[in-house]
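So the structure is just underneath, and the comments pick up after that.
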Amino acid sequence: MIIFPAIDIKDGNCVRLVKGDFGTASKVAEDYMETARSFEEKGAEWIHMVDLDGAKAGRPVNTKIYEDVCHNTGLKVEVGGGIRNMETIREYLDMGISRVILGSAALKAPKLVEDAIDLFGPEKIVVGIDSMDRMVATEGWLEASDVNYIDLALKMNGIGIKYFIFTDISRDGTLTGVNVEQLADLADALKDKAYIVASGGVKTMDDIVACKEMGLYGAICGKSIYSGTLDLAEAVEYAKEGE
């Protein structure tokens, strides 16, 4: 299993939100590069980065930051937030980003997702499914829909998506634990046809253990690392056991 330490960027700063509410943004680190390098020093191989400004604006805003981390650390970078067209996908991948996360586009522009898979392959494209009460939310979590999160996952898997990030918005940034029930339901629906990354609520090693026992591909850890409730080095070591 892979541990994805997270850096969310808003106004050029490393921040965390509570339940996706932009009004709750709090600065969690002084320097994104120092933070990324600290993740690498603790054994992380990947980093999960979100352009919060981009998610709200519907276009990339903090691109240079992700390029900087990509080129000046040994981490593999996955980026999401405000990615709505093929030009942006290509720009990120051309600069060396390992995976691009499509969120709102999965619901609103499924043809874009399909075309991206055809052009760049399933290893480069991740669909982020953000759920509130099992229903998909879009546009930086500002818009609700009437689409069930599992229905969207099955549709995306049907057009070739292999990698999914599932976020329970109600738990994101709350340190209340991952939503085991909804993650298990998603894993059961997709069976062995996809790789699932848990996001939202990770607090302690108990959450990492739960994710690994469910056979998930990975877990995203943000506030738990910054607040000290989770030791990143310990989580990475445990996740790698048995590989």
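The values are calculated or read from the model by the stated rules, or taken from the named source; none is laboratory data. Owing to the predicted nature of the structure, the values given are computational and were not obtained by experimental measurement. Cβ atoms come from the backbone with ideal geometry, glycine included; neighbour counts cover every protein chain shown.
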Taking interchain pairs and intrachain pairs at least six residues apart, which have beta carbon atoms under 6 angstrom, with the first residue in segment 179-208 and of a type in the set (Lys, Arg) and the second at pLDDT 95 or above?
LYS193/ASN157; LYS203/GLY177; LYS203/SER224; LYS203/THR229
Filtering segment 93-113 for residues that are farther than 19 Å from TYR149 by Cβ and either out of contact with any helix residue (DSSP H, G or I) (no Cβ under 7 Å at 6 or more places or on another chain) or touching a residue at least 60 places away in the same chain (Cβ under 8 Å) (or both) leaves a count of 4
How do the strands (runs of 3 or more DSSP E) wholly within segment 52-133 filter down when requiring 2 or more residues that are of a type in the set (A, V, I, L, M, F, W, C), more than 19 Å from MET33 (Cβ to Cβ) and at pLDDT 95 or above: which remain?
99-102, 125-132
Residues of segment 191-208 classified as assigned to a loop (DSSP other than H, G, I, E, B) and either among the small types (Gly, Ala, Ser) or surrounded by fewer than 24 Cβ atoms within 10 Å (Cβ to Cβ) (or both), total
8
Selected residue [touching a strand residue (DSSP E or B) at 6+ places or on another chain (Cβ under 7 Å) and hydroxyl-bearing (Ser, Thr, Tyr)] from TYR217, TYR238
TYR217
Looking only at segment 174-183, decide whether some residue is in a helix (DSSP H, G or I) and buried (at least 21 other Cβ atoms within 10 Å of the Cβ).
yes
Which numbered condition trips up PHE166, out of (1) in a strand (DSSP E or B); (2) hydrophobic (A, V, I, L, M, F, W, C); (3) farther than 22 Å from THR88 by Cβ; (4) at pLDDT below 95?
(4)
